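Undergrad: Pasting a structure below so you can have a look.
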Amino acid sequence: MSCTVSPSVLTGATYGLTAGASFQFRVKAINDVGQSDPSPEGTGPELPAGITVPSKPAAPTTSISGTNVVVNWAAPSSNGGSAITGYKVDYKKSDG
């Protein structure tokens, strides 16, 4: 598993990891020529057992504001045992 982050950001987040498991992380620098060798491995905390993904939020409601669509939703009923750190809003053009 990997992710790429902006060069101005020196932190990253991982999601969907297995509860009760330990993980190790390493970092590579990237430029126009390629990737550096990886950093030494760093050990992350063990995720407590019993943490799960959050339940799904309720269906969103929308309203129009000028040429913008405002999307509102309610937080999920369960955070899965860990604080909600953000939301991803997907959209697509409706058929018809």
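Undergrad: Can you tell me which residue is modelled with the highest pLDDT among those in the stretch 37-60 that are among the polar types (S, T, N, Q) and within 22 Å of S82 (Cα to Cα)?
TA: This residue is S55.
Undergrad: Please identify the pairs in which a residue from the stretch 50-63 that is without any contact (Cβ under 8 Å) to a residue 60 or more places away in the chain has its Cβ atom under 7 Å from the Cβ atom of a residue that is aromatic (F, W, Y), counting only partners at least 6 apart or on another chain.
TA: As it stands, the answer is P57/W73; A58/W73; P60/W73, since those pairs meet every condition given.
Undergrad: Within the stretch 26-75, work out how many residues are hydroxyl-bearing (S, T, Y) and not in a loop (DSSP other than H, G, I, E, B).
TA: Residues flagged as hydroxyl-bearing (S, T, Y) and not in a loop (DSSP other than H, G, I, E, B) within the stretch 26-75 amount to 5.
Undergrad: Here's something else I'd like to know. Please work out which residue is farthest from I51 (Cα to Cα), limiting yourself to the stretch 64-82 and to residues that are among the hydroxyl-bearing types (S, T, Y) and touching a residue at least 12 places away in the same chain (Cβ under 8 Å).
TA: S77
The values are calculated or read from the model by the stated rules, or taken from the named source; none is laboratory data. For clarity, every value in this text was computed on a predicted model and none was experimentally measured. When we count neighbours, we look across all protein chains shown, and the Cβ atoms used for this are built from the backbone with ideal geometry, even at glycine.
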